[in-house]
1. Kindly indicate whether Ile53 is among the β-branched types (Val, Ile, Thr) and outside the structural domain of Ala2 (by TED's automatic domain parsing).
2. Quick one: is Leu116 of a type in the set (A, V, I, L, M) and at pLDDT 80 or above?
3. Are any residues in the stretch 100-120 assigned to a loop (DSSP other than H, G, I, E, B) and either without any contact (Cβ under 8 Å) to a residue 12 or more places away in the chain or in the same structural domain as Asp4 (by TED's automatic domain parsing) (or both), and if so, which ones?
4. State yes or no: is Ile91 in contact with a Lys or Arg (Cβ under 8 Å, 6 or more places away or on another chain), of a type outside the set (Gly, Ala, Ser), surrounded by 10 or more Cβ atoms within 10 Å (Cβ to Cβ) and outside any loop (DSSP other than H, G, I, E, B)?
5. Please verify whether Ser56 is within 30 Å of Pro132 (Cα to Cα), in contact (Cβ under 8 Å) with a residue 24 or more places away in the chain and exposed (fewer than 12 other Cβ atoms within 10 Å of the Cβ), treating the condition exactly as stated.
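The values are calculated or read from the model by the stated rules, or taken from the named source; none is laboratory data. Bear in mind that the values here come from a model prediction, so they are computed numbers and not experimental data. Ideal geometry is used to build each Cβ from the backbone, glycine not excepted, and the neighbour counts take in all protein chains shown.
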Amino acid sequence: MAVDASSGDVDTIAAALTSACPDGADLVLDPVWGAPALAALRVLVRRGRLVNIGESAGASITLPSDVVRSRGIEIHGWTNALLTWDEQAGILHELLALVAADKLVTEATVIGLDELPEAWGRSVAGRLAVVP
C-alpha cells in the first residue's frame, strides 16, 4: 500500500494512511523517515512496529511520547551493515532457493514506461513493475 506523502504535512499523510488502512497497520517498513514516518506511527495498531531503513524525507522527527507510549509501539532501525558478508550471502541463498522452488511468489502489475503517468495514481495489486 502506498499513499501520496509529497505534501510533507504529517496530518495530511496520516489521514491518507488512515483511509488506506482503516483498521491500522501492524507493521510499517519505512524507507524515508521524516513526516511520513511520524504519520505512519499514528496509524500503527497496539503493539505495532515501525522498521526504519532510510531517511530520504528527513533525518529527524519530533516524536511525542504519547504516540509511542499509548499503544506500546516499537521502533526499530535496520541496515544490512549489521550482518556479516557470510550472513548476507546465506540469506540471499535461502531467498533464491525459495524463489526457485516457487515458494516465494509476489503479485505484480507490469506496465510499459509510457503508461507510468497514468498508473502513478492508481491502486495496483502487489508491486508495480515498469518495463522501459
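1. Details: among the β-branched types (Val, Ile, Thr): yes; outside the structural domain of Ala2 (by TED's automatic domain parsing): no.
Taking the combined requirement at face value, the residue does not satisfy it.
2. Numbers: of a type in the set (A, V, I, L, M): yes; at pLDDT 80 or above: yes.
Judged against the criteria, Leu116 is a match.
3. Listed by number, the residues that qualify are Ala101, Asp102, Lys103, Leu104, Val105, Trp120.
4. On the way: in contact with a Lys or Arg (Cβ under 8 Å, 6 or more places away or on another chain): no; of a type outside the set (Gly, Ala, Ser): yes; surrounded by 10 or more Cβ atoms within 10 Å (Cβ to Cβ): yes; outside any loop (DSSP other than H, G, I, E, B): yes.
No; evaluated as a whole, the condition is false for this residue.
5. yes
Table: residues versus (1) in a loop (DSSP other than H, G, I, E, B); (2) of a type outside the set (Asp, Glu); (3) not assigned by TED's automatic domain parsing to the domain that holds Ala108.
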| position | (1), (2), (3) |
| --- | --- |
| Ser7 | yes, yes, yes |
| Ile13 | no, yes, yes |
| Ser19 | no, yes, yes |
| Leu29 | no, yes, yes |
| Leu38 | no, yes, yes |
| Arg71 | yes, yes, yes |
| Glu87 | no, no, no |
